[in-house]
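Colleague: First the structure, then my questions, so here it is.
The values are calculated or read from the model by the stated rules, or taken from the named source; none is laboratory data. Owing to the predicted nature of the structure, the values given are computational and were not obtained by experimental measurement. When we count neighbours, we look across all protein chains shown, and the Cβ atoms used for this are built from the backbone with ideal geometry, even at glycine. These accessible areas exclude ligands, DNA and RNA; they are computed on the full protein's heavy atoms, side chains included. Shrake-Rupley method; radii C 1.70, N 1.55, O 1.52, S 1.80 Å.
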Amino acid sequence: MTKKGNKFSLFLGCTIPLKMPQLEKAFRDVASILGVELKEMEGVSCCPEPVSLQSLNIDTWLTLGARNLAIAEKMGLDVLTICSGCYETLKTVSVLLGEDPEHLKKINEILKKINYEYTGKITVYHFVEILTQPEWLEKMKSLTIKPLDDLNLAVHYGCHLIRPSKIMRFDHPEKPEKIDLILQTLGAKTIDFANKLECCGYCARLQEEIGEKLVEDKMTELCELEEEVDALIAVCPACVTQYDRKEKIIARRTGKELNIPVLYLPEIMAIALGVALEDLNLSTRSVKPNKLIEKLTT
Amino acid sequence: MSEMIKKNVNDLDLNFRYEIAKKIGAKSLLKCIQCGVCSSGCTVTEYVDLQPHRVVASCLLGLKEEVLSSKAIWTCSLCHRCTERCPKNVDYSFILALLRNMAAREGKIPKEYSSTVEVIYDNGFVVPYTEGMKKNIDRRRERMGLPEIVPPNLDDIRFIINETGLGDLIIKKEDDK
Ligand code: SF4
Ligand code: SF4
């Protein structure tokens, strides 16, 4: 359909399919409505996740990542990721190895012993990159059944999508707009706010208080804005979990009234594209999006 | 480590900077001009015992032991703002990962990091996917009409972990038990 095609090998990762399959369901529903063709990747492992594995041994991280990419290469399809952690790992692995043929050779020596080879022929995409192509936006607009007209949404890009931009090449690193664009196409209003590009803190493993402070700052700002924010929209299962869980904990500890629901971008897209609410399992969130649903259904 | 470090020049590891710079993605270390931009935008700057620009300076000066034992190399939220904004294109967040690799090789690994690797070694995924867990996950996916998971061949995953040297860390831990 577009120059990047409409057929991809779908890389699910671990957290979404094993812990939060409702996010996968929402994404698959959106893809099927829009006509993005997805091929299942059999035998892939963890991407591997960019925190521990890369920290303990970069070569293990590169080689496991290259093995996953080799599977897509065998399928002859570019990779589509739906988690920012997977996107960061697979994209970085492909860029680093693309720039360093010597290192790629070393890694392939290991891979060949288990019958894999990665040559660097395929590209790694995040689904937002694909769906913000003009053709897809147009299609999205024409297929919108329940426009998000009355909604005021805050976007959380998350770090791994946009930085470092010399590797990710996803969007402007200090003023990204791709996710806003999707939400606006579906009819919503998106807001600018000071903490928009702040980290969720999920990856700061050593000190819990770092994440709590970051979540508290962002959520407090959003709750104090003049115009009421209907939801925070994120594209990564870690960010969704971090804001959703910590928001409740912080509200209890500080007595602040923090109650903004956190949704995964495909969830809100699915609603706009007409997927039935009961198919989306939104009640699994700690902050229930009841008010938002009411607004959309009345 | 905010107090002054006094060190005899003979105790500095002057080769440390090159040891880092020769690794994949780390050549940029040598270009640092100590402007401090990395530290000013760092998400965890108030929490670290050694701020980003000082970690870089310490690497360049050869303070290997101090760097590898600092908590700063592990206290990072991976936001990549340091790398994004550095005017000299120093890939600090990536260099930090290399420093963690070096510390890990000396056995200095916080448990928050080692446990994840064990889960991947046992499951191929970062989420446990065996026996009871697997049954529950599969049932939940089936109810949602999602396709069956075809997990990786664990022998392949373990082969890669062992062949790239991470296996030693896991085995070392097993021996301690
Ligand atoms: S921003 Fe770059 S040049 Fe400036 S101190 Fe940090 S690493 Fe060095
Ligand atoms: S990646 Fe780590 S060191 Fe760099 S700015 Fe973010 S938190 Fe600080």
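Colleague: May I ask you to rank A:20, A:219, A:75 by accessible area, largest first, using a 1.4 Å probe over the protein chains only?
Modeller: The ranking, largest first, comes out as A:75, A:20, A:219.
Colleague: Compute for the range A:133-297: radius of gyration divided by Kirkwood radius, i.e. Rg/Rh, restricted to C-alpha atoms, rounded to two decimals.
Modeller: Rg/Rh for the range A:133-297 comes to 0.96.
Colleague: How much accessible surface area, in Å² rounded to 10, belongs to the heavy atoms of residue A:141 with a 1.4 Å probe?
Modeller: Probe radius 1.4 Å; accessible area of residue A:141 about 130 Å².
Colleague: Give a residue-ordered list of calculated ³J(HN,Hα) values for the range B:129-143 (Karplus: 6.51 cos²θ - 1.76 cosθ + 1.60, θ = phi - 60°; whole Hz; x for Gly, Pro).
Modeller: Running phi through 6.51 cos²θ - 1.76 cosθ + 1.60 with θ = phi - 60° gives 9, 9, 6, x, 4, 4, 4, 4, 4, 4, 5, 4, 5, 4, 4 Hz.
Colleague: From the Cα trace of the range B:1-74, what convex hull volume per residue do you get, rounded to a whole Å³?
Modeller: Measuring per residue, one finds 101 Å³ for the Cα hull of the range B:1-74.
Colleague: Quick check on chain A: helices-only [θ] at 222 nm, where DSSP H runs of length 4 and up contribute -39,500 (n - 2.57) each and the sum goes over total residues. Nearest 500, please.
Modeller: Here the helix-only value at 222 nm equals -14500 deg cm²/dmol.
Colleague: Could you list, in their original order, any pairs among B:23/B:64; A:213/A:256; A:106/B:23; A:91/A:196 whose Cα atoms are separated by more than 19 Å?
Modeller: Pairs exceeding the cut-off: A:91/A:196.
Colleague: How large is ³J(HN,Hα), in whole Hz, for each residue of the range B:60-72 in order, when computed from phi with the Karplus curve 6.51 cos²θ - 1.76 cosθ + 1.60 and θ = phi - 60°, using x for Gly and Pro?
Modeller: 5, 7, x, 8, 4, 4, 4, 5, 5, 9, 6, 6, 4
Colleague: Shifting gears a bit: For the range A:116-182 and the range A:217-233, compute the distance between their C-alpha centroids and round to whole Å.
Modeller: About 22 Å separates the Cα centre of the range A:116-182 from the one of the range A:217-233.
Colleague: Then there's this: Which ³J(HN,Hα) values in Hz, rounded to whole numbers, follow from the phi angles of the range B:85-91 under the Karplus curve 6.51 cos²θ - 1.76 cosθ + 1.60, where θ = phi - 60° and Gly and Pro get x?
Modeller: Per-residue couplings from phi come out as 9, 4, x, 9, 6, 6, 8 Hz.
Colleague: Fully extended, how many nm does the chain gain between residue A:281 and residue A:138 (0.36 nm per residue separation, minus their Cα-Cα distance)?
Modeller: Length gained between residue A:281 and residue A:138: 48.7 nm.
Colleague: Would you give the gap between the C-alpha center of the range B:25-99 and the C-alpha center of the range A:64-91, rounded to a whole Å?
Modeller: If you average the Cα positions of each part, the centres end up 28 Å apart.
Colleague: So what's the convex hull volume per residue for the Cα atoms of the range A:151-195, in Å³?
Modeller: 65 Å³
Colleague: Another question about this same structure. With every protein chain left in place, what is the accessible area per residue of chain A in square angstrom, probe 1.4 Å?
Modeller: Accessible surface, normalised per residue, equals 37 Å².
Colleague: Taking a cut-off of 21 Å, what percent of all Cα-Cα pairs in the range B:111-176 are separated by more than that?
Modeller: 34 percent
Colleague: Moving on. Give the Debye-formula value of log10 I(q)/I(0) at each listed q (0.17, 0.19, 0.28 Å⁻¹), with one equal scatterer per alpha carbon of the range A:38-112, two decimals each.
Modeller: Here the Debye-derived log intensity ratios amount to -0.60, -0.76, -1.52.
Colleague: Still on this structure, I have one more. Considering only protein heavy atoms and a probe of 1.4 Å, how much of the accessible area of the protein assembly as shown is carbon and sulfur, as a whole percent?
Modeller: Ligands and nucleic acids excluded, carbon and sulfur give 49 percent.
Colleague: To the nearest 20 Debye, how big is the dipole of the protein assembly as shown about its Cα centre, given +1 on the beta carbon of each Lys and Arg and -1 on that of each Asp and Glu?
Modeller: Charge dipole, the protein assembly as shown, about its Cα centre: 640 debye, nearest 20.
Colleague: If you don't mind, another one. Taking amide H positions as placed 1.01 Å from N in the peptide plane, with prolines and chain starts having none, which residues 5 or more places from residue A:155, or on another chain, fall under 5 Å of its amide H?
Modeller: A:191, A:233
Colleague: Residues of B:109-120, mean number of Cβ from any other protein chain within 10 Å of their own Cβ, rounded to a whole number?
Modeller: 5
Colleague: Could you tell me which residue out of A:145, A:122, A:239 lies farthest along the dipole of the range A:117-261 toward its positive end? Charges go on the beta carbon: Lys and Arg +1, Asp and Glu -1, centred on the Cα centre.
Modeller: A:122
Colleague: Using Cα positions and a limit of under 22 Å, work out the lysines in reach of residue A:139, with same-chain residues fewer than 8 apart set aside.
Modeller: Counting by Cα, and skipping residues close in sequence, residue A:139 has these lysines nearby: A:3, A:4, A:7, A:25, A:39, A:178, A:189.
Colleague: While we're looking at this one, here's another question. Roughly how compact is chain A, stated as its Cα Rg over 2.2 N^0.38 Å to two decimals?
Modeller: This ratio for chain A stands at 1.00.
Colleague: In the full protein assembly as shown, how much of residue A:105 is accessible to a 1.4 Å probe, in Å² to the nearest 10?
Modeller: Solvent-accessible area, nearest 10 Å²: 120 Å².
Colleague: On the full set of protein chains, 1.4 Å probe, figure out the accessible area of residue A:125 and give it in Å² to the nearest 10.
Modeller: For residue A:125, the solvent-accessible surface is approximately 20 Å².
Colleague: For residue A:7, what residues show an amide H to amide H distance below 5 Å, using hydrogens built from the backbone and excluding near sequence neighbours?
Modeller: Those qualifying (amide H under 5 Å, at least 5 residues apart or on another chain) are A:37.
Colleague: A further question follows. Set Lys and Arg Cβ to +1 and Asp and Glu Cβ to -1, take the dipole of the protein assembly as shown about its Cα centre, and tell me which of A:22, B:61, B:15 lies farthest positive.
Modeller: B:15
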